[in-house]
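Structure, as structure tokens:
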Amino acid sequence: MNIVGFPRRVRTLWISDIHLGTRGCRADDLLAFLRTIECRTFYLVGDIVDCWRLKKSWYWPASHQAVVREFLRRANAGVEVIFIPGNHDEAAREFDGLDMAGIKIRTEAIHVAADDRRFLVVHGDGFDGVVRYARWLYCLGDRSYRVMLRCNRVFNQVRRLCGLPYWSLSAFLKHRVKNAVQFIADFEIVLAQEARRRGVDGVVCGHIHHAEIRFIGDVLYCNDGDWTESCTALVEHFDGRLEILQGGARNRLESQGTRLAQAS
């Protein structure tokens, strides 16, 4: 996972799970990240705006509006911007096939990489059995996740006062709790199976807030992560290589190493 700190140009950029309209959204970090990168094609892979939360209480600071303006600016500048709605902004799925303010709205897409590999691009909630068949359970988990984020913010305020770097409680729990780890593994396998069924080389998704690039059999599974905690994005370089980039001022306090995936 490469930490971004200087301007660069890539062929394609994927981001998802920003959750604009929530206090957990790291909009300032996203804006700082976007200033470091240029692209030809820009995928917004769902849960960009958290309509579920906005229906309950309105929260829309200037930084969230600035993120939307940045998307529109890129579309007006000639970047191909493709918005694939997720479950938190699912109302936009009614406009599938339309272009609004230069942004293409699609329920899914097929991306052809520079090396001619084909990738299915979806948010991923359609392959999450909890979302599809037990929405009440997903809503309960979503509420618990927001509580955890609030606790995490207080905890890290104390850590900063002590001169300690940012530490993610939810990421720690997801990697330590057996059921959460198994859910992630099952989700990845189901997405890879769908990509194989459709005859494409890989899949790009979001939804589970867990950035990853790995082969599952002969399918390249890619998840671009989120912008509530990990602040990650997926990029395609001009030779077709895929890489996860990490932004966020707090995340840059610790070296995360480099993780590249290249098909041979």
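The values are calculated or read from the model by the stated rules, or taken from the named source; none is laboratory data. In this text the structure is predicted, and so the values were computed from the model without any measurement. Positions of Cβ are generated from backbone atoms using ideal geometry, with glycine treated the same way; all protein chains shown enter the neighbour counts.
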Practice task
Please verify whether the range 78-88 includes one or more residues that are in contact (Cβ under 8 Å) with a residue 60 or more places away in the chain, of a type outside the set (D, E, K, R), in a helix (DSSP H, G or I) and surrounded by 14 or more Cβ atoms within 10 Å (Cβ to Cβ).
Solution key: no
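Return yes when VAL200 is of a type in the set (Val, Ile, Thr), surrounded by fewer than 16 Cβ atoms within 10 Å (Cβ to Cβ), at pLDDT 80 or above and touching a Lys or Arg at 6+ places or on another chain (Cβ under 7 Å) and no when it is not. Break it down stepwise before answering.
Details: of a type in the set (Val, Ile, Thr): yes; surrounded by fewer than 16 Cβ atoms within 10 Å (Cβ to Cβ): no; at pLDDT 80 or above: yes; touching a Lys or Arg at 6+ places or on another chain (Cβ under 7 Å): yes.
When the stated conditions are applied, VAL200 does not pass them.
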Fill in the blank from the handout: Condition set hydroxyl-bearing (Ser, Thr, Tyr) and in contact with a strand residue (DSSP E or B) (Cβ under 8 Å, 6 or more places away or on another chain), scope the range 7-51, selection modelled with the lowest pLDDT: answer is THR36
Problem - Residue under evaluation ARG69, criteria (1) surrounded by fewer than 15 Cβ atoms within 10 Å (Cβ to Cβ); (2) closer than 20 Å to HIS207 by Cα, criterion not met - result: (2)
Fill in the blank from the handout: Here the residues within the range 96-119 that are acidic (Asp, Glu) and outside any loop (DSSP other than H, G, I, E, B) are ASP99
